[in-house]
Amino acid sequence: MSRCYCTLLRTAARKVGSVYDEAFAPLGINIAQYSLLRTIERYQPVSFTELGHKAVLDRSTVGRNVRVLERMGMVSTARSEDDHREAVVALSPRGIEVLEEAGPLWESCQKEFEQRLGPVKVTALQDILRSI
C-alpha cells in the first residue's frame, strides 16, 4: 500500500464516490453533479466565478460542468443583472426535482458509511478531513 497521502486520499475518494454514483445512477447524475447542484441551490442565482469559489473549482471547470447540467435540463443560465458580462446559474424545475429525489439516496449513502466505519472512526475521519 502506498504511503503517499495524495494517492491514499484519491483512492479513498474514488471508492466513496462510486457508492454515491451507484445510488444516483437511476437519476442520471453522479456525486460531482449532485454536489454542484446543491451548491447552486444554496447560492442561486450564482455567478460562475462565485460558484467556482464556493465549489473549490476553477472557473473553466465550473463552466464545463454547468453546461452539462444545462444540457440535462437541470439548470438555467442568464446574464447577471449587476454585471452583464457575468453569467449566473440557477436550478431549473427539473434540477429541483432531481435534488428532492436525490436527498434520500444521499442520506442512505451517508448512513452506510457511518455504519461501516462506526461512530469513533466517523468522528476521526471528519476531524482529519476538516483539518486539511
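Taking Leu36, Leu117, Leu69 as the candidate residues, the one with maximal mean-square fluctuation in a Gaussian network model of the chain, Cα springs under 10 Å, is Leu117.
In this simple spin-label approximation, Ala13 and Ser108 carry label points 7 Å from Cα along the Cα→Cβ vector, and these lie 2.6 nm apart. Think of region 5-131 as a dipole: +1 on every Lys or Arg Cβ, -1 on every Asp or Glu Cβ, centred on the Cα centre; then among Tyr5, Met74, Leu117, Tyr5 lies furthest on the positive end.
The local environment of Glu101, defined by Cβ-Cβ distances under 14 Å, has a net charge of -2 under the rule Lys, Arg +1 and Asp, Glu -1. When only alpha carbons are used to place a centre, region 20-82 and region 84-105 end up 7 Å from one another.
The Cα atoms of the chain cover 50, 30, 22 Å along the three principal axes, with the biggest extent listed first.
Working ranking of peptides 119-128, 75-84 by packing, defined as the average number of other Cβ atoms within 10 Å per residue, highest first, is 75-84, 119-128.
Between Gln115 and Arg42, what is 0.36 nm times their sequence separation minus the Cα-Cα distance? Round to one decimal in nm.
Separation in residues times 0.36 nm, less the Cα-Cα distance, equals 23.5 nm.
Residues of region 5-28 with the amide nitrogen closer than 14 Å to a label point 7 Å from the Cα of Arg94, along Cα-to-Cβ, please. Only 27-28 fall inside the zone, counting backbone N under 14 Å. Relative to the Cα centre, the charge distribution of the chain, modelled as +1 at Lys and Arg Cβ and -1 at Asp and Glu Cβ, gives a dipole magnitude of about 620 debye.
So, counting K/R as plus one and D/E as minus one, what does the shell of residues with Cβ under 15 Å around Val56 add up to?
So the environment of Val56 carries a net charge of +3.
FRET efficiency for the pair Thr77 and Ser2, taken as 1/(1 + (r/R0)^6) with r the Cβ-Cβ distance and R0 = 41 Å, rounds to 0.50. Among Gly118, Gly52, Gly73, the largest mean-square fluctuation in a Gaussian network model of the chain, built with springs joining Cα atoms closer than 10 Å, belongs to Gly118.
Computed from Cα atoms, the angle from the helix 59-71 axis to the main principal axis of the chain rounds to 80 degrees. Listed by chain and number, the lysines whose alpha-carbon sits under 18 Å from that of Lys121, ignoring those within fewer than 8 places in the same chain, are Lys15, Lys111.
No lab work stands behind these numbers, since they all come straight from the coordinates. Quick caveat: nothing in here was measured; it's all calculated off a predicted structure. Counting neighbours? That spans all protein chains shown, and the Cβs are built from the backbone with ideal geometry, glycine included.
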